[in-house]
Amino acid sequence: MKRIIPLLAVAALAVPALAAELTGKVTLKGTPPPEVEITPLKNDANCGKLVTQTPKTIHYVVGPNGELANTVVIVKGVPDAKSTGASATPAVIDQKACLYVPHILAVQTGQKILVKNSDPVLHNVNTTRPNAVEGNPQQNLAQLAGAPDLTFSFPKPEAFLRFKCDVHPWMFAYVYVVDHPYFAVTGTDGTFKIPNLPPGKYTVEAHHRKGGSVTREVEITQAGGTVEFSIEAK
């Protein structure tokens, strides 16, 4: 006698595991070094006109209860994870008041980065490599005021690839290049969300450019998962 499997059961077998969301928060332990005024910007004949107060460095962006922004959180070990950067929405870096905005950005390999110049001055965008042997090829392009956006993309994963302006040497931004879409950058409240994860056990890394890296193990169910990190000020 043949066994008959109900149609609904067959349909259920064909449906993949539901994707879940990982949420969490990163906080800073300890007191970070004081930020420093960027006096060359204020004293610059052109850039100084674009600000009313002297900006400060933003190595640590910390909330009233230690909430740590600009931390890159990455999930490791997702089955069949691969970059979807070629079809992803382009990321954007702007040059405003002679500073890069945002200061920290994370993208996928192959994902476009559009660099805008909202300033009435000349900038140049120089992607310098922390690892000259294994890093992505260096690019160095000038961008006049009102010029079209510059487009960058990077084929290799790389931690905190540096964007700098040689015209204004205080200008820096850092791009973390990941070879899959399972990452996020914490906001000013220290929180992050990483969607579309299949349930399972994963290693999750939190990387702060100044505070270093912390690793946690987490299990994500169909209801989701949560993880918290504490990074020490250095």
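The values are calculated or read from the model by the stated rules, or taken from the named source; none is laboratory data. Because the structure is a prediction, the values reported are computed rather than measured. All Cβ positions, glycine included, derive from the backbone under ideal geometry; neighbour counts span all protein chains shown.
In the set (1) modelled with pLDDT of 95 or more; (2) surrounded by fewer than 18 Cβ atoms within 10 Å (Cβ to Cβ), Val175 fails one condition alone, (2). Quick check: is even one residue across segment 153-172 more than 16 Å from Val227 (Cβ to Cβ), hydroxyl-bearing (Ser, Thr, Tyr), assigned to a strand (DSSP E or B) and in the same structural domain as Leu105 (by TED's automatic domain parsing)? Looking for residues that are more than 16 Å from Val227 (Cβ to Cβ), hydroxyl-bearing (Ser, Thr, Tyr), assigned to a strand (DSSP E or B) and in the same structural domain as Leu105 (by TED's automatic domain parsing), one finds none in segment 153-172, hence no. The set of residues in segment 73-116 that are surrounded by 22 or more Cβ atoms within 10 Å (Cβ to Cβ) and without any contact (Cβ under 8 Å) to a residue 60 or more places away in the chain contains only Gln111.
Taking segment 101-123 as the range and being closer than 22 Å to Pro155 by Cβ and either part of a strand (DSSP E or B) or at pLDDT below 95 (or both) as the test, the residues that pass are Ile104, Leu105, Ala106, Val107, Gln108, Ile113, Leu114, Val115. Scan segment 67-99 for residues that are small (Gly, Ala, Ser) and more than 12 Å from Lys112 (Cβ to Cβ) and the total you get is 5.
Under the condition of being farther than 20 Å from Thr186 by Cβ and touching a His at 6+ places or on another chain (Cβ under 9 Å), the residues counted in segment 50-84 number 4.
Of the candidates Val26, Val61, Val51, Val73, the single residue that is in contact with a helix residue (DSSP H, G or I) (Cβ under 7 Å, 6 or more places away or on another chain), at negative phi and of a type outside the set (S, T, N, Q) is Val51. Look at Val214 and say whether it is within 18 Å of Ala20 (Cα to Cα), assigned by TED's automatic domain parsing to the domain that holds Thr23 and part of a strand (DSSP E or B). No: the conditions fail for Val214. Annotation note: of Leu50, Leu68, Leu41, the sole residue that is closer than 14 Å to Phe229 by Cβ and either touching a residue at least 60 places away in the same chain (Cβ under 8 Å) or more than 26 Å from the chain's Cα centre (by Cα) (or both) is Leu68. Across segment 9-48, which residue is modelled with the highest pLDDT among those that are surrounded by fewer than 12 Cβ atoms within 10 Å (Cβ to Cβ) and part of a helix (DSSP H, G or I)? If we take residues in segment 9-48 being surrounded by fewer than 12 Cβ atoms within 10 Å (Cβ to Cβ) and part of a helix (DSSP H, G or I), then Asn43 is modelled with the highest pLDDT.
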